[in-house]
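Read through the structure below, which is laid out as structure tokens, and then see the notes.
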2 protein chains.
Amino acid sequence: MTDCFAVIFTSTRTEGDNGYAEAAERMAELVSEQPGFLGVESVRGADGVGITVSYWQSEAAILAWRQNPEHQVIQARGRLEWYSAFHTRVCRVEREYRFGQ
Amino acid sequence: MTDCFAVIFTSTRTEGDNGYAEAAERMAELVSEQPGFLGVESVRGADGVGITVSYWQSEAAILAWRQNPEHQVIQARGRLEWYSAFHTRVCRVEREYRFGQ
């Protein structure tokens, strides 16, 4: 998966679900259908801090996902309802190492 | 923090502590003294899967940390004792967005 792109999304959730779980499930389904989507890894701790890393074939694929109309509605709800803060970093994967699995 | 590098370390822990917590604490201290180290974000879920992202000024700084003698001992113990699998990706941060905080 070298020569790909990673989007690191670090976020802090607000209290309560407020429709988050359902939207997260729908976004997981929708993103998996996006051209150029390679995979996603996501962990959230008990303190509400989460890191999600998604992997993409190109920057154009990342931009297309960012501009997907259904995703844009969800992004707006994220800012209003689900996150107190987040930080998105678009990165180029330069090299990688693997152990196990 | 654009124009920096990110190391995405995705790992699965083995069962039990086996000295992991103490080593993690020592590594957090040691890495914070490394030239070119910018910060770290780390989350582990209840299922043992964790994502740690560290940020660096340069690839040379990442290499120096990888080759730090005390860190190398810990890397070897990681493969033997603490992780059933891990995946390390060295990335160049191309752009970033922020909300809140």
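As a summary of the residue check, B:Ala6 satisfies the conditions (1) touching an Asp or Glu at 6+ places or on another chain (Cβ under 7 Å); (2) touching a residue at least 60 places away in the same chain (Cβ under 8 Å); (3) under 28 Å from A:Glu94 (Cβ atoms); (4) not hydroxyl-bearing (Ser, Thr, Tyr) except for the one numbered (1). Any chance segment A:49-58 includes a residue that's without any contact (Cβ under 8 Å) to a residue 60 or more places away in the chain, exposed (fewer than 15 other Cβ atoms within 10 Å of the Cβ) and at negative phi? Yes, some residue in segment A:49-58 is without any contact (Cβ under 8 Å) to a residue 60 or more places away in the chain, exposed (fewer than 15 other Cβ atoms within 10 Å of the Cβ) and at negative phi. When B:Trp56 is tested against the conditions (1) within 20 Å of A:Cys91 (Cβ to Cβ); (2) touching a Ser or Thr at 6+ places or on another chain (Cβ under 8 Å); (3) not charged (D, E, K, R), the lone failure is (2).
Spot the failing condition for B:Val40; the list is (1) touching a residue at least 24 places away in the same chain (Cβ under 8 Å); (2) under 19 Å from A:Gly50 (Cα atoms); (3) more than 8 Å from chain A (Cβ to nearest Cβ); (4) surrounded by 15 or more Cβ atoms within 10 Å (Cβ to Cβ), and only one is missed. The one condition B:Val40 does not meet is (1). Please verify whether segment A:90-97 includes one or more residues that are among the aliphatic types (A, V, I, L, M) and either over 14 Å from the mean Cα position of the chain (by Cα) or at the interface with another protein chain (Cβ under 7 Å from one of its Cβ atoms) (or both). Among the residues of segment A:90-97, at least one is among the aliphatic types (A, V, I, L, M) and either over 14 Å from the mean Cα position of the chain (by Cα) or at the interface with another protein chain (Cβ under 7 Å from one of its Cβ atoms) (or both), which makes the answer yes. Taken residue by residue, segment A:3-25 has at least one member that is in contact with a Lys or Arg (Cβ under 9 Å, 6 or more places away or on another chain), loosely packed, with under 13 Cβ neighbours inside 10 Å and closer than 20 Å to B:Tyr55 by Cα. Is it fair to say B:Val90 is closer than 30 Å to A:Gly78 by Cβ, in a strand (DSSP E or B) and touching a Ser or Thr at 6+ places or on another chain (Cβ under 8 Å)? Answer is no for this residue.
Each reported figure results from applying straightforward, stated rules to the coordinates on display, with no laboratory input. This one's a predicted model, so the numbers in the text were calculated from it and none came from an experiment. So basically every Cβ, Gly included, is an ideal-geometry build from the backbone, and we count neighbours across all protein chains shown.
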